[in-house]
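See below for the structure under consideration.
The values are calculated or read from the model by the stated rules, or taken from the named source; none is laboratory data. Bear in mind the structure is a predicted one, so any value in this text is a computation, not a measurement. All Cβ positions, glycine included, derive from the backbone under ideal geometry; neighbour counts span all protein chains shown.
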Amino acid sequence: MHLLLKRGLQNYNMSEILVDIRNMTFKREERVIYNDISLSIPKGKVTAIMGPSGIGKTTLLRLIGGQLKPESGNIFFDGKDIPRLSRNALYETRKRMSMLFQSGALFSEMSVYDNIAFPIREHTNLPENLIEKMVLMKLEAVGLRGARGLRPSELSGGMARRAALARSIALDPELILYDEPFAGQDPISMGVIVRLIRSLNDALGLTSVVVSHDVPEVMGIADYIYIIAEQKIIGQGTPEQIAEQTSPLVRQFVNGESDGPVPFHYKAAPYREELIRKTVFTNNRRG
Amino acid sequence: MKQVYFLGRKAIAIISGIGRALILLISALAHVPNPKKGFPLLLNQLYAVGVLSLVIIIVSGTFIGMVLALQGYTILVGYGAEASLGPMVALSLIRELGPVIAALLFAGRAGSALTAEIGLMKATEQLSSLEMMAVDPLRRIIAPRFWAGLISLPLLTAMFSAVGILGAHLVGVDWLGVDSGTFWSVMQGQVDFEKDIVNSIIKSIVFAFVITWIAVFKGYDCDPTSEGISKATTATVVQSSLWVLSLDFILTALMFSN
Amino acid sequence: MVSKKVELMVGFFVALGIGALLMLALKVADSGLSGSDETYNLYAKFDNVGGLKVRSPIKVGGVVVGRVSDISLDVEDYTPVVTLKIYAKYNNFSEATSVSILTAGLLGEQYIGLLPGFIDEDIEILVTGDFIEDTKPALVLEELIGQFLFSQGSDD
């Protein structure tokens, strides 16, 4: 770990930007998810993207990974415009990033060991004894060296996520995209994952993007935070700056108030009117 | 006006579905498993698709051959033509029952399993995570399954016909007393290698192609929810059965009508 | 990452499949090896071929010596021409050989019966492309019954 730590420190360069999103608009069918947003993710930092659920934070990660294409605008990864890459170039670029899915997405028919060896076996021709060393190192980093023989179905939720994390760092990517890494975790595994994200980022010189709505955890580890709501970036800054923001939307989100600029009630006709008017319920999605 | 919109929406959905299925097919065909990394994948799929279908194919084939012999014998013996039992059984099995029933069983046993497996991989984000690992799921997941299906069904069909004929021999010759020599020699006189056996293999290859294509596409294209997977699995069995039966008619018309 | 069991079972599966195919080809259709034998063609014109079909057997004293490979109509004199594909090892039929269309049993398949003629110094041996002159047409049941009734009537 010490060796890796040194390498990480060398890469610690504040000014460089790894992912740069410029005037990007994304629509799903007719619904606008992102309207002309721009944000940049600096190299070697933990950048958090926060916002209420259902606003497409995961979509943003898929856009960076090139699994979805935006309506307009650019997404640059190290200077390459992801939506305009050819299929081969896209796959080549994806070797430099990896993504931790919310469910872990471990391959259910393989053991934990084979899951972590999978990307190494796919992309390299290393001999099996070397692969074993690499896998053991990654497992050690997430504290699951003893669980190598288990099947994904035998792991708890937190362990599955750690195993998936080991798999996503198997080939030492430059960028890791974390999709809701804290969702549905008990306080202990939450603490473990918070620690892992921070320490892996610093030790391996990674760039991390964490998508989450868990305010305290994110405030604890992020270097820079973007808050997205209503198709726009409504606030950004370091955790300290976010805490001092006065915008009511940001305040509501950070403090977790149930009603405010983001209303408690889904858009509906006035309550009284609907109670008085004795009509049959009609499906208003079609109307 | 509403109906026109509805019709248009349906038409667009169907056409774009066909388009997606074609893209999937072309990518699967383009990825002939390469010897070094692809072969183990193909082997595993041959096991899942072929070996695991073996029992149902052999048991069904034997029983269908036995029933054919029993029924055929009672009809033929009325004309004193029980010597024709061999060719009757062999021709029905090789020309029609072998390819068709093996294909229907294959759709139910292997096709539905393929759809459910791929659908579940999609629902649990395993396909997405492959893409993000820069591993093309079409190459890693779809292509080996497709090729395994294409190889397995013709072999299963041959086994089905063969054990069917053996089952008919058991009933016809050993139980009902048709002469064994007559059974085989009259059969050999009537069954033509090119016309019957080669056509049977061609039929089974066509069926294998259609079933595996539908199965992998339905899985790959399903809604990643439990409801979506169950719908896709049902659709695989229903659609591939209908395709097999209608294509069988077309192929028979082309092959056996001079 | 393929276990030994999977390898073994797949090998077993493929072997079984190929075995079944071979059984169909050799035991059921009986064409794989004997079909590739050398053959030569003789021709014969019949007044009537009856129910003779392509691939009907050609027998000499009950032994199969070849198969019918084609039945067509001579467009000049409108008589059926049957192409006889004879295995090359039976290459000693003389010009005096006669050929007839016979029926196996009362309702059975029709086949071609060859009656080898005597061999003498002035009589040539049939080679590929030759016509067999001495032919007897197929017996057609309706004609037989007609003749029988006719002769019954004339006896009175």
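Of all residues in the stretch B:78-99, how many are facing another protein chain (nearest Cβ under 10 Å) and more than 27 Å from the chain's Cα centre (by Cα)? Of the residues in the stretch B:78-99, 5 are facing another protein chain (nearest Cβ under 10 Å) and more than 27 Å from the chain's Cα centre (by Cα). Among the residues of the stretch C:64-73, is there at least one that is without any contact (Cβ under 8 Å) to a residue 60 or more places away in the chain, surrounded by 18 or more Cβ atoms within 10 Å (Cβ to Cβ) and facing chain B (nearest Cβ under 10 Å)? Scanning the stretch C:64-73 turns up at least one residue that is without any contact (Cβ under 8 Å) to a residue 60 or more places away in the chain, surrounded by 18 or more Cβ atoms within 10 Å (Cβ to Cβ) and facing chain B (nearest Cβ under 10 Å). Residues that are surrounded by 15 or more Cβ atoms within 10 Å (Cβ to Cβ), more than 14 Å from every other protein chain (Cβ to nearest Cβ), in a strand (DSSP E or B) and out of contact with any Gly (no Cβ under 9 Å at 6 or more places or on another chain): does the stretch A:64-75 have at least one? Yes, that holds for at least one residue. Restricting attention to the stretch A:87-122, the residues that are more than 8 Å from every other protein chain (Cβ to nearest Cβ), polar (S, T, N, Q) and under 20 Å from C:V2 (Cβ atoms) add up to 2.
Taken as a whole, the condition of being within 27 Å of A:G158 (Cα to Cα) and not aromatic (F, W, Y) applies to A:E132. Among the residues making up the stretch B:74-91, those that are within 13 Å of B:D179 (Cβ to Cβ) and of a type outside the set (A, V, I, L, M, F, W, C) are B:E82, B:S84, B:G86. The residues of the stretch B:115-142 that are within 14 Å of chain A (Cβ to nearest Cβ), in a helix (DSSP H, G or I) and farther than 20 Å from A:L90 by Cα, listed by number, are B:A116, B:E117, B:I118, B:G119, B:L120, B:M121, B:K122, B:A123.
Residues in the stretch B:216-258 that are modelled with pLDDT under 90 and surrounded by 15 or more Cβ atoms within 10 Å (Cβ to Cβ) were compared, and the one that is farthest from the chain's Cα centre (by Cα) is B:P224. For the stretch C:84-100, the criterion of being without any contact (Cβ under 8 Å) to a residue 12 or more places away in the chain and hydrophobic (A, V, I, L, M, F, W, C) is met by none of the residues. When C:L107 is tested against (1) buried (at least 17 other Cβ atoms within 10 Å of the Cβ); (2) within 14 Å of chain B (Cβ to nearest Cβ); (3) at pLDDT below 80, only condition (1) is not met.
For the stretch B:188-204: of the residues being aliphatic (A, V, I, L, M) and part of a helix (DSSP H, G or I), which is farthest from the other protein chains (Cβ to nearest Cβ)?
So the residue we want is B:I202.
Comparison of A:Q10, A:Q102 shows that the only residue that is at pLDDT below 85 and assigned to a helix (DSSP H, G or I) is A:Q10. Checking every residue in the stretch C:39-47 against the condition of being within 14 Å of another protein chain (Cβ to nearest Cβ) and at pLDDT 85 or above gives zero matches.
Look at the stretch C:1-24: where a residue is within 7 Å of chain B (Cβ to nearest Cβ) and more than 13 Å from B:V163 (Cα to Cα) and a partner is among the polar types (S, T, N, Q) and crowded, with 18+ Cβ neighbours inside 10 Å, sitting 6+ places away or on another chain with Cβ atoms under 9 Å, you get C:M1/B:N44; C:V2/B:N44; C:V6/B:N44; C:V10/B:N44; C:F13/B:S152. Take the stretch A:136-167 and flag every residue that is assigned to a loop (DSSP other than H, G, I, E, B), under 22 Å from A:Y178 (Cα atoms) and among the small types (G, A, S). A:G143, A:S156 - these are the residues of the stretch A:136-167 that are assigned to a loop (DSSP other than H, G, I, E, B), under 22 Å from A:Y178 (Cα atoms) and among the small types (G, A, S).
In this structure, does B:S161 turn out to be within 13 Å of chain C (Cβ to nearest Cβ), surrounded by fewer than 20 Cβ atoms within 10 Å (Cβ to Cβ), in a helix (DSSP H, G or I) and of a type in the set (G, A, S)? For B:S161, the condition - within 13 Å of chain C (Cβ to nearest Cβ), surrounded by fewer than 20 Cβ atoms within 10 Å (Cβ to Cβ), in a helix (DSSP H, G or I) and of a type in the set (G, A, S) - is not met. Count of the stretch B:143-158 residues, restricted to those that are surrounded by 24 or more Cβ atoms within 10 Å (Cβ to Cβ), over 30 Å from B:A83 (Cβ atoms), at the interface with another protein chain (Cβ under 10 Å from one of its Cβ atoms) and of a type outside the set (A, V, I, L, M), is 1.
Looking at B:F183, B:F207, just one residue is within 13 Å of another protein chain (Cβ to nearest Cβ) and surrounded by 22 or more Cβ atoms within 10 Å (Cβ to Cβ), and that residue is B:F183.
Among the listed residues B:V55, B:V51, identify the single one that is in contact with a helix residue (DSSP H, G or I) (Cβ under 7 Å, 6 or more places away or on another chain), within 14 Å of chain C (Cβ to nearest Cβ), part of a helix (DSSP H, G or I) and not charged (D, E, K, R).
Only one candidate qualifies: B:V51.
If the condition is being out of contact with any Gly (no Cβ under 9 Å at 6 or more places or on another chain), modelled with pLDDT of 80 or more and within 14 Å of chain B (Cβ to nearest Cβ), then the stretch C:48-61 contributes only C:L52.
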